[in-house]
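As structure tokens, the structure follows; a few thoughts come after it.
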Amino acid sequence: VPGLKITLLQQPLVWMDGPANLRHFGRLMEEIVGRDVIVLPEMFTTGFAMEAAKQSMVETDVIAWMRQQAQRTNALIAGSAALQTSRGAVNRFLLVEPEGRVHAYDKRHLFRMAEEHHHYLAGDQRIVLTWRGWRILPLVCYDLRFPVWSRNRNDYDLALYVANWPAPRSHHWQSLLMARAIENQAYVAGCNRVGTDGNSHHYRGDSRIITPQGEILAAAEAHQATRIEGELSMTLLQEYREKFPAWQDA
């Protein structure tokens with residue numbers, strides 16, 4: 001299996017303005033070539049807005065834009081959006097392939113400190129998708145605090161987190177991403193936003209890609225609108241799992 005080239009877009013988000021956010025990310029993606037996965041933050045069309053539960057872009061429009069970007073870059077485009085569905089509003093992590101196939105994971109753990117659970121419905125399906133030979137587990141922000149939900153059942157190689165994780169708890173974000181990589185013997189990538197949102201919450205970013213041994217492969221500078229890139233090695237992952245098979249005792 002070839003290495004997986006991954007890019008994380010650590011960016012500010014325009015509050016409750018879907019078209020403005022799509023224009024911004026569209027411009028950034030014009031400069032990106034030769035990647036396998038391109039990751040946008042959580043709720044990349046609106047910011048972490050509870051009002052987006054009733055007023056956000058239509059899912060078909062968001063997916064159409066993601067398909068367009070996936071085709072142009074020949075990469076899997078990944079990010080979460082606030083969407084209205086027939087069963088209610090969800091914080092949905094969409095992963096869209098260049099050929100148009102869509103994978104969707106609805107955020108399981110809703111952030112009660114912002115009353116997210118009063119505005120959105122929790123998902124109950126853990127999904128793993130395979131992309132270019134890599135098994136990927138998509139997760140969203142607050143999910144990071146719940147290790148049982150992130151537990152590797154010998155079914156994934158990369159845990160992918162998107163987030164709007166505020167600056168005051170940045171230490172938790174960095175520590176838990178590292179813990180998830182070590183305990184699950186898997187690569188972990190976390191893409192967080194920067195800037196200030198419509199509720200005056202500040203975000204440092206601290207996006208990173210971490211090896212199965214907990215080493216930082218790539219890390220974004222705090223508070224910077226930037227992108228980081230890394231190439232994951234299946235050979236190194238498999239060699240490490242064989243040499244140190246802690247997963248057999250989980």
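The values are calculated or read from the model by the stated rules, or taken from the named source; none is laboratory data. Since this is a predicted model, take the numbers as computed values, not measurements. Note: ideal-geometry Cβ built from the backbone for every residue, glycine included; neighbour counts use all protein chains shown. Side chains included, ligands, DNA and RNA excluded: accessible areas come from the protein's heavy atoms. Shrake-Rupley method; radii C 1.70, N 1.55, O 1.52, S 1.80 Å.
General observations
- Among the residues of the stretch 92-119, those that are in a helix (DSSP H, G or I) and among the charged types (D, E, K, R) comprise Arg112, Glu116.
- Once the stretch 120-144 is narrowed to residues that are in contact with a Phe, Trp or Tyr (Cβ under 6 Å, 6 or more places away or on another chain) and in a strand (DSSP E or B), the residue that is most open to solvent (accessible area, probe 1.4 Å) is Arg135.
- Taking the criterion of being in a helix (DSSP H, G or I), out of contact with any strand residue (DSSP E or B) (no Cβ under 7 Å at 6 or more places or on another chain) and surrounded by fewer than 20 Cβ atoms within 10 Å (Cβ to Cβ), the residues of the stretch 175-222 that qualify are Ser175, Ala179, Ile182, Glu183.
- Answer from Arg204, Arg145, Arg180 - the residue that is at pLDDT 95 or above, within 17 Å of the chain's Cα centre (by Cα) and farther than 28 Å from Met29 by Cβ: Arg145
- Subset of the stretch 62-91 [open to solvent by 40 Å² or more (accessible area, probe 1.4 Å) and either touching a helix residue (DSSP H, G or I) at 6+ places or on another chain (Cβ under 6 Å) or touching a residue at least 12 places away in the same chain (Cβ under 8 Å) (or both)]: Arg67, Gln71, Arg72, Asn74, Gln84, Arg87
- Test: residue in the stretch 145-165 that is open to solvent by less than 10 Å² (accessible area, probe 1.4 Å), part of a helix (DSSP H, G or I) and touching a residue at least 24 places away in the same chain (Cβ under 8 Å): yes
- As for the stretch 95-106, it holds at least one residue that is surrounded by 13 or more Cβ atoms within 10 Å (Cβ to Cβ) and within 11 Å of the chain's Cα centre (by Cα).
- Candidates are the residues of the stretch 223-250 that are in a loop (DSSP other than H, G, I, E, B) and out of contact with any strand residue (DSSP E or B) (no Cβ under 9 Å at 6 or more places or on another chain); the one that is most open to solvent (accessible area, probe 1.4 Å) is Phe244.
- Residue within the stretch 16-31 that is part of a loop (DSSP other than H, G, I, E, B), open to solvent by less than 40 Å² (accessible area, probe 1.4 Å) and either basic (Lys, Arg) or in contact with a helix residue (DSSP H, G or I) (Cβ under 9 Å, 6 or more places away or on another chain) (or both) present: no
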